[in-house]
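Report on one structure; see the data block that follows.
The values are calculated or read from the model by the stated rules, or taken from the named source; none is laboratory data. Because the structure is predicted, anything quoted here is derived from the model rather than measured. For neighbour counting, all protein chains shown are included, and Cβ atoms are generated from backbone atoms with ideal geometry for every residue, glycine included.
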Amino acid sequence: MTNLTPYDNLFSIEGKVALVTGGTRGIGLMIARGFVEAGARVYISSRKAADCAAIEAELAEIGECIAIPADLQDETECQRLAAAVADREPALHILVNNAGATWGAPIAEFPGSAFDKVLGLNVKAPFMLTQACLPMLEAAGTHDDPARVINIGSIDGIHVPMLETYSYSASKAAIHQMTRHLARNLGRKHITVNAIAPGPFESKMMAATLRDFGDSIASTSPLSRIGRPDDMAGTAIFLSSRAASYITGSTIAVDGGIATTK
């Protein structure tokens with residue numbers, strides 16, 4: 001019989017069950033694909049059923065992926081999504097709250113509705129879905145290997161962005177603080193809560209910005225590039241593995257140093 005060392009499978013998430021919202025594109029898809037390739041059974045969700053079906057079929061060629069469409073701007077949809085996963089799984093090891101929205105406009109034209117939409121999806125929905133998934137997360141978590149909640153923030157919640165995206169930057173600062181608040185209260189339930197604050201990555205949300213300013217944005221990074229899919233997947237896998245079992249309430253900037261070295 002082979003004697004396992006404490007470091008065997010330290011970064012493994014094989015066999016764990018994960019739910020990734022906004023999992024059909026951008027940051028969410030990077031994480032979902034990484035989880036599937038790492039051997040997790042992954043549920044993805046997004047608003048458009050056709051996108052869910054397409055990515056489910058794509059990722060199912062690699063491993064286990066199940067798509068459940070849901071519009072998380074509606075509180076009842078958060079509850080329905082959690083119930084749909086609970087119908088299939090006795091426990092949920094990893095919840096990634098990634099679904100989000102942005103809005104940009106000059107301050108004189110910035111509408112109040114932009115705060116309702118962006119803060120609703122970027123802050124309220126992660127809270128409501130975490131609340132709805134609590135029984136499954138508690139069932140999965142143990143003293144030595146807690147369940148994980150990963151909230152996707154942004155470096156725009158750490159520094160002041162160049163663009164006039166007032167509701168977006170406010171929402172990301174809020175999700176970083178909510179991460180700390182949830183971490184304090186859920187730790188005793190064997191659940192860790194951390195946030196990832198991405199810098200520039202190729203995504204639909206960033207497409208126009210990177211098209212117009214990609215080279216200049218990359219030049220502001222000490223690493224002189226924008227993020228790659230494996231940068232995001234690797235961070236999420238780390239936070240979901242035994243290696244990160246003693247980390248909670250943290251916001252990790254994955255930005256090449258753009259926001260963290262100034």
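One table, with the values for the structure above:
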read-out	value
Members of region 31-51 found to be touching a Phe, Trp or Tyr at 6+ places or on another chain (Cβ under 9 Å) and in a strand (DSSP E or B), listed by number	41, 42
Restricting region 94-132 to residues that are surrounded by fewer than 18 Cβ atoms within 10 Å (Cβ to Cβ) and touching a residue at least 60 places away in the same chain (Cβ under 8 Å), the residue that is farthest from residue 13 (Cα to Cα)	104
Any hit, region 84-93, residues being over 19 Å from residue 139 (Cα atoms), surrounded by fewer than 23 Cβ atoms within 10 Å (Cβ to Cβ) and among the basic types (Lys, Arg)	no
Region 133-149, subset among the aliphatic types (A, V, I, L, M) and closer than 15 Å to residue 183 by Cα, residue surrounded by the fewest Cβ atoms within 10 Å (Cβ to Cβ)	134
Any chance residue 113 is among the polar types (S, T, N, Q) and under 30 Å from residue 142 (Cβ atoms)	no
Every pair of residues 6+ apart whose Cβ atoms lie under 6 Å, when the first sits in region 1-22 and is under 25 Å from residue 122 (Cβ atoms) and of a type in the set (Gly, Ala, Ser) while the second is modelled with pLDDT of 95 or more and not in a loop (DSSP other than H, G, I, E, B)	18/35; 18/42; 18/94; 22/28
Of all residues making up region 220-249, the number that are surrounded by fewer than 21 Cβ atoms within 10 Å (Cβ to Cβ), in contact (Cβ under 8 Å) with a residue 60 or more places away in the chain and within 18 Å of residue 175 (Cβ to Cβ)	1
Condition met for residue 81 (under 23 Å from residue 233 (Cβ atoms) and in contact (Cβ under 8 Å) with a residue 24 or more places away in the chain)	yes
Among the residues listed as 15, 28, 23, the single one being modelled with pLDDT of 95 or more, out of contact with any helix residue (DSSP H, G or I) (no Cβ under 9 Å at 6 or more places or on another chain) and assigned to a loop (DSSP other than H, G, I, E, B)	15
Residues located in region 238-262, provided they are aliphatic (A, V, I, L, M) and over 17 Å from the mean Cα position of the chain (by Cα)	243, 258, 259
Subset of region 226-262 [aromatic (Phe, Trp, Tyr) and in contact with a Ser or Thr (Cβ under 8 Å, 6 or more places away or on another chain)]	none
